[in-house]
Amino acid sequence: MSTESHRSLRYVDDITRDDVLALEAFIYSQLRPVQDAAGETGDTFCALRSLEILVCDSAGLLLALLDRGGRGREERSTMLREWYRLRTTASWWEYRDGYDVGRWNRLEHVDAAAEAQHDAEIARVQAAGDT
C-alpha cells in the first residue's frame, strides 16, 4: 500500500488526470501476471481481456470529461460513476503495494460548490431560527 499519498479525494472536481492514469496503471499491473499465467486462450484469458476493456473505457471516459473543462451536473455524475467503477475494481487489491489508500477513496460529494451552497443555506436557516 502506498503511504506517500497527497490529500484524499473528496469531490469529483478533485480527480486529476494523474489519478485516473495511476489507478488504471495499477489495475493493469495486477492483471498482467494473471494474464501471463493464463496464456492467450481459454475462459480466463477472455475474462481478463473483457475486464481490461472495461477499465480502458472507464478511464478513457473520465479523461475525456476531465479534458472538457466546464462540467455540469450530468458530467459530474458520469465522472462519479466511472471513478467508482475504477476504484471498486482496484479495491480488490488494496492491500498490495502501489494502491493509494489515502487518495483513491470513495468520494463524499459530487460538487464542492453545491455542498457549500447547501451548508450556507442550512446555516442561514439555523441562524434565523436562533433569533
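Pick out the one residue from ARG76, ARG7, ARG68 that is out of contact with any Leu (no Cβ under 9 Å at 6 or more places or on another chain), of a type in the set (D, E, K, R), open to solvent by 30 Å² or more (accessible area, probe 1.4 Å) and under 19 Å from ASN105 (Cβ atoms).
Only one candidate passes the filter, namely ARG7.
Consider SER2 against the criteria (1) surrounded by 12 or more Cβ atoms within 10 Å (Cβ to Cβ); (2) at pLDDT 90 or above: it satisfies all of them except one. Which criterion is unmet?
(2)
Would you confirm, using the coordinates I've provided, whether ARG76 is touching a residue at least 60 places away in the same chain (Cβ under 8 Å) and within 14 Å of ALA25 (Cα to Cα)? Please lay out each step first, then the result.
On the way: touching a residue at least 60 places away in the same chain (Cβ under 8 Å): yes; within 14 Å of ALA25 (Cα to Cα): no.
Considered against the rule, which asks whether it is touching a residue at least 60 places away in the same chain (Cβ under 8 Å) and within 14 Å of ALA25 (Cα to Cα), ARG76 comes out as no.
Spot the failing condition for ALA25; the list is (1) part of a loop (DSSP other than H, G, I, E, B); (2) free of Cβ contacts under 8 Å to residues at least 40 places away in the same chain; (3) of a type in the set (A, V, I, L, M), and only one is missed.
It fails just one condition, (1).
Determine, yes or no, whether ALA38 is surrounded by 11 or more Cβ atoms within 10 Å (Cβ to Cβ), small (Gly, Ala, Ser) and at pLDDT 95 or above.
Numbers: surrounded by 11 or more Cβ atoms within 10 Å (Cβ to Cβ): yes; small (Gly, Ala, Ser): yes; at pLDDT 95 or above: no.
No, not satisfied.
For the range 42-63, name all the residues that are of a type in the set (A, V, I, L, M, F, W, C) and loosely packed, with under 10 Cβ neighbours inside 10 Å.
Step one: list which residues in the range 42-63 are of a type in the set (A, V, I, L, M, F, W, C), which gives 45-48, 51, 53-56, 59, 61-63.
If the condition is that a residue be of a type in the set (A, V, I, L, M, F, W, C) and loosely packed, with under 10 Cβ neighbours inside 10 Å, then no residue fits.
The values are calculated or read from the model by the stated rules, or taken from the named source; none is laboratory data. As the structure is a prediction and not an experimental result, all values here were calculated from the model. Don't worry about glycine lacking a Cβ; one is built from the backbone with ideal geometry, like all the others, and counts go over all protein chains shown. Please note that ligands, DNA and RNA were not included when accessible areas were found on the heavy atoms of the full protein model with its side chains. Shrake-Rupley method; radii C 1.70, N 1.55, O 1.52, S 1.80 Å.
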